[in-house]
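Notes for the one structure printed next.
The values are calculated or read from the model by the stated rules, or taken from the named source; none is laboratory data. Please read these numbers as outputs of a predicted model, since none were measured by experiment. Neighbour counts are summed over all protein chains in view; Cβ atoms, including those assigned to glycine, are modelled from backbone coordinates with ideal geometry. Calculation scope for accessible area: heavy atoms of the full protein, side chains included, ligands and nucleic acids excluded. Shrake-Rupley method; radii C 1.70, N 1.55, O 1.52, S 1.80 Å.
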Amino acid sequence: MKNNSQSFACPNCHSALEFKIEQFVCQNCKNIFPIDGNIPDLLLRNQKDGGESLINRASHFDDLSKVYGSSLWGGSPRIIVWLLTRKIRNKDGIGLDVACGTGVVARPMAKKINYVYGVDISMGMVQKADDLSKKNTINNISFARCDSENLPFGDNSFDFVSCSGALHAFPNAEKSLREMQRVLKIGGVLAIMALLEKSIPSVIDPARRELRKSSTKEETIEFNKAISSMEKLDVKLHRFTLNELKMIINKLGFKNFKHLKFGPIIIFSVER
Ligand SMILES: C[S@@+](CC[C@H](N)C(=O)[O-])C[C@H]1O[C@@H](n2cnc3c(N)ncnc32)[C@H](O)[C@@H]1O
Ligand SMILES: [Zn+2]
């Protein structure tokens, strides 16, 4: 029977959370966090993100979650999932997938490590991830909503942390990487897939063609809604250069940088 000794902590002060009917309360700073269905909502409500509130930002990813993981708007391809999760060393350890989306990386990870946490800014994404895990009877996995800049875990919690297809969309990649470093154990491994400076393949146009061929009216409406929502969000995908990534990694003091590049994609791992 798999179990986890880790649990969610306050994203503000990292102290223990106390469960009180349908909400968590921080025992230290007294912040209150609702539980939506069975998913803890650990987003710090008072934080601003480039003038737009995190909730508003998250709502665009909620629109995307309706089509995400379908043939119209895929998650990380299987080869990427394999390349990331092969970096897991301690199969008895605990893993975290940051910006987990619908759980495309977190679910296979749960087969390779004792327990997995998946977190994402979008409640729609984590709810879908939770449903899919239950459907696949994966029970060594828990999801929560939070921001990558305020992870709801104590220091030195994880043996392995992954983040696929999201670093280039974060408003401040360095801040998010610093958080991932904080929650990693000393000697723990961080594995990332991100986009490099080069033309970004459009996921939208091939998907539109697919949509015309085979989709129902409802699917077409959801897809168009997701596109217009992402356009409103105006995610400026940051195109990293290899040197820029190396500079951030060095500045943060990560060790043992290893990377693979193909096309506009980089997969890299570092150790704390
Ligand atoms: C392209 S999807 C990748 C999902 C998944 N990792 C995969 O590989 O399929 C990007 C994800 O990043 C999440 N995201 C964006 N900004 C975030 C933030 N600041 N904190 C946490 N998650 C965030 C989005 O909600 C979305 O699920
Ligand atoms: Zn607190």
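Annotation note: Cβ proximity below 6 Å between a residue of the stretch 19-30 that is of a type in the set (Val, Ile, Thr) and a residue that is within 16 Å of ligand 1 (Cβ to nearest atom) (sequence gap 6+ or interchain) occurs for no pair. The combined condition, being touching a strand residue (DSSP E or B) at 6+ places or on another chain (Cβ under 7 Å) and either open to solvent by less than 60 Å² (accessible area, probe 1.4 Å) or free of Cβ contacts under 8 Å to residues at least 12 places away in the same chain (or both), is fulfilled by Ile94.
Counting only strands (runs of 3 or more DSSP E) wholly contained in the stretch 1-90, the ones carrying 2 or more residues that are closer than 18 Å to Met125 by Cα and at pLDDT 90 or above occupy 32-36. For Ile35, the criteria (1) open to solvent by 40 Å² or more (accessible area, probe 1.4 Å); (2) more than 23 Å from Ile192 (Cα to Cα); (3) β-branched (Val, Ile, Thr) hold in every case but one, which is (1). Are any residues in the stretch 128-157 surrounded by fewer than 20 Cβ atoms within 10 Å (Cβ to Cβ) and away from ligand 2 (no atom under 16 Å from the Cβ), and if so, which ones? Once the filter is applied, which keeps residues that are surrounded by fewer than 20 Cβ atoms within 10 Å (Cβ to Cβ) and away from ligand 2 (no atom under 16 Å from the Cβ), the stretch 128-157 yields Asp131, Leu132, Lys134, Lys135, Asn136, Thr137, Ile138, Asn139, Asn140, Asn156.
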